[in-house]
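Below: the structure, in structure tokens.
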Amino acid sequence: MAPPQPEVFDVVIFGASGFTGKYVIREALKFLSPTSPLRSLAVAGRSRDRVAAALRWAAAPAPPPEGVAILVADAADPASLAALASRARVVLSCAGPFRLHGHAVAAACAAAGADCLDISGEPEFMERVEADLHEPAARSGSLIVSACGFDSVPAELGFLFHSRQWEPPSAPVTVEAYVSLQSTKRIVGNIGTYESAVLGVANAGQLQALRRSRPRGPRPNIPGPPPPKGSLIEGHNPMGMWAMKLPSADTVVVKRTLSTVTEHPEGLPGAEETPEYAEHRKSFWSSVKPAHFGVKIASRSLMIIVRFLITGLFIGLLANFSFGRSLLLKYPEFFSAGMFSRTGPTEEEVQSASFKMWFVGHGYSDTAQASERGSKPDKEVITRVSGPEVGYITTPIVLVQCALVLLSQRGNLPKGGVYTPGAIFGPTDLQQRLQENGMSFNVQVMRSIR
């Protein structure tokens, strides 16, 4: 008699005992139900005891629900990852830095035909996964989507929401996102984000080499001349805040989405999509207008901007040297002027924090004006996305809602491949789901400018 087949879970959370992973468990438990698309759940990591402790923390004050399995898997052990992926419909990959731990997880999912969502904000990792795994994932039916957290879904959906406010014949030329992190307590960033930034700068040469080795993706047709580069720090903008240019993954991810849509103007067809969804998909993408996109960190306090600048300078100066990297990674609180800490924020600090992201767009009320010599943009649109704390509340909300879309609407999505969140989730009801779970999307300003 053949042995019974192992249970296949709707969702497996890998890296469940990490700083963010335990919050992802807590968010997933809210939707675990026999009547939900999420009917079965497993949590996984290197240490069974640490994962069990994270599950107890996430379920408190109640005991962990019966039936939530604990799996042992290690990113350094391909066999354990293969076993994990074979038991998952969707893997939520939460173990960073992703350039160290994420590729093996995505590769295991591509081999097994399991879908994989991660919360990476690391451009080199994301683009390398696309280069290495897109074809295998497309063949096996594995949908791999990076940046399914605060990096970069608010930016992706926020840009698409903003873009669709420009009704023909108007169109944007530039859209700048101003990100403001707010708290009634001190703001403590996710240590994984800091580590990823250090390793990203240290390996910037590898990213450039990867990009040179691959064909350049199609560029969208944006009306008018490209905008000037502008200054690093600005003190005048429609929000009345100080702002500084941010070398953000959001910029890279939005540009990759726009490249995908340039190549596929009607979007990516689903493997078994309904006629109604196909019509909606085509209508959605026909209303999206590309623009030059960038991200800035914004604050009413110049000191906050200075702290970000100091952190960037330290990383830029030291990350390229082995000894400098070790110092940066050993003493994050010192080199980030207190913005990042290995101990992480307290629960009170998490609950007191929030974010606002303004999208300031400038363009033409009639695109015909763009070809006129000496013409300048004459229309401004400002939209805003806001929500709770970014690393431990918004990121789990976004990740879990992306998983629920996959579980409930899989036939409407591509069979497999490696894509950005905007390209996959843009036409779905993800924005509505996020609005129902603590985030908001609003139009702030729409006016003529001279």
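Taking the residues in the stretch 1-29 that are assigned to a loop (DSSP other than H, G, I, E, B) and without any contact (Cβ under 8 Å) to a residue 40 or more places away in the chain as candidates, determine which candidate is farthest from D115 (Cα to Cα).
Ranking the qualifying residues of the stretch 1-29, first place goes to M1.
Return the total of residues in the stretch 134-155 being assigned to a helix (DSSP H, G or I) and more than 25 Å from R214 (Cβ to Cβ).
The number of residues fulfilling the criteria is 1.
With the checklist (1) under 24 Å from the mean Cα position of the chain (by Cα); (2) open to solvent by less than 70 Å² (accessible area, probe 1.4 Å) in hand, flag the one item S286 doesn't pass.
The failed condition is (2).
For the stretch 121-133, enumerate the residues that are of a type in the set (G, A, S) and either part of a loop (DSSP other than H, G, I, E, B) or at pLDDT below 95 (or both).
G121 - this is the single residue of the stretch 121-133 that is of a type in the set (G, A, S) and either part of a loop (DSSP other than H, G, I, E, B) or at pLDDT below 95 (or both).
Please determine whether any residue of the stretch 99-114 is open to solvent by 10 Å² or more (accessible area, probe 1.4 Å), over 21 Å from K255 (Cα atoms), out of contact with any Gly (no Cβ under 6 Å at 6 or more places or on another chain) and modelled with pLDDT under 95.
Within the stretch 99-114 (the criterion being open to solvent by 10 Å² or more (accessible area, probe 1.4 Å), over 21 Å from K255 (Cα atoms), out of contact with any Gly (no Cβ under 6 Å at 6 or more places or on another chain) and modelled with pLDDT under 95), the answer is yes, since at least one residue qualifies.
Which count do you get for residues in the stretch 22-46 that are open to solvent by less than 60 Å² (accessible area, probe 1.4 Å) and among the basic types (K, R)?
Result for the stretch 22-46: 1.
Out of the helices (runs of 4 or more DSSP H) lying entirely within the stretch 256-351, which hold 2 or more residues that are in contact (Cβ under 8 Å) with a residue 60 or more places away in the chain?
Because the criterion is at least 2 residues that are in contact (Cβ under 8 Å) with a residue 60 or more places away in the chain, the helices (runs of 4 or more DSSP H) in the stretch 256-351 that meet it are 275-286, 302-318, 322-330.
List pairs: first residue in the stretch 189-200 and closer than 12 Å to A319 by Cα, second residue surrounded by 23 or more Cβ atoms within 10 Å (Cβ to Cβ) and hydroxyl-bearing (S, T, Y) anywhere in the structure, Cβ distance under 7 angstrom, at least six positions apart or on different chains.
Sorted first by the residue in the stretch 189-200, then by its partner, the pairs are Y194/S336.
Outside any helix (DSSP H, G or I) and either of a type outside the set (V, I, T) or under 30 Å from I393 (Cα atoms) (or both), is that true of R216?
yes
Check M446 against each of (1) surrounded by 21 or more Cβ atoms within 10 Å (Cβ to Cβ); (2) not in a helix (DSSP H, G or I) and name the one condition it does not meet.
Of the numbered conditions (1) surrounded by 21 or more Cβ atoms within 10 Å (Cβ to Cβ); (2) not in a helix (DSSP H, G or I), the odd one out for M446 is (1).
What's the number of the only condition in (1) over 28 Å from V153 (Cβ atoms); (2) of a type in the set (A, V, I, L, M, F, W, C); (3) surrounded by 15 or more Cβ atoms within 10 Å (Cβ to Cβ) that M357 fails to meet?
(1)
Out of all the residues in the stretch 117-134, which are free of Cβ contacts under 8 Å to residues at least 60 places away in the same chain and surrounded by fewer than 20 Cβ atoms within 10 Å (Cβ to Cβ)?
Passing the criteria: only D132.
Look at A370 and say whether it is part of a helix (DSSP H, G or I), under 17 Å from V175 (Cα atoms) and touching a residue at least 12 places away in the same chain (Cβ under 8 Å).
It is true that A370 is part of a helix (DSSP H, G or I), under 17 Å from V175 (Cα atoms) and touching a residue at least 12 places away in the same chain (Cβ under 8 Å).
When you go through (1) in contact with a Phe, Trp or Tyr (Cβ under 9 Å, 6 or more places away or on another chain); (2) of a type in the set (G, A, S); (3) assigned to a loop (DSSP other than H, G, I, E, B) one by one for G158, which number turns out not to apply?
In the conditions (1) in contact with a Phe, Trp or Tyr (Cβ under 9 Å, 6 or more places away or on another chain); (2) of a type in the set (G, A, S); (3) assigned to a loop (DSSP other than H, G, I, E, B), G158 misses (3) alone.
The values are calculated or read from the model by the stated rules, or taken from the named source; none is laboratory data. The model shown is predicted, which means the values in this text are computed figures rather than measured ones. Because the Cβ atoms are built from the backbone with ideal geometry, glycine has one as well, and the counts that use them run over all protein chains shown. Protein only, heavy atoms only, side chains kept; ligands, DNA and RNA dropped before computing areas. Shrake-Rupley method; radii C 1.70, N 1.55, O 1.52, S 1.80 Å.
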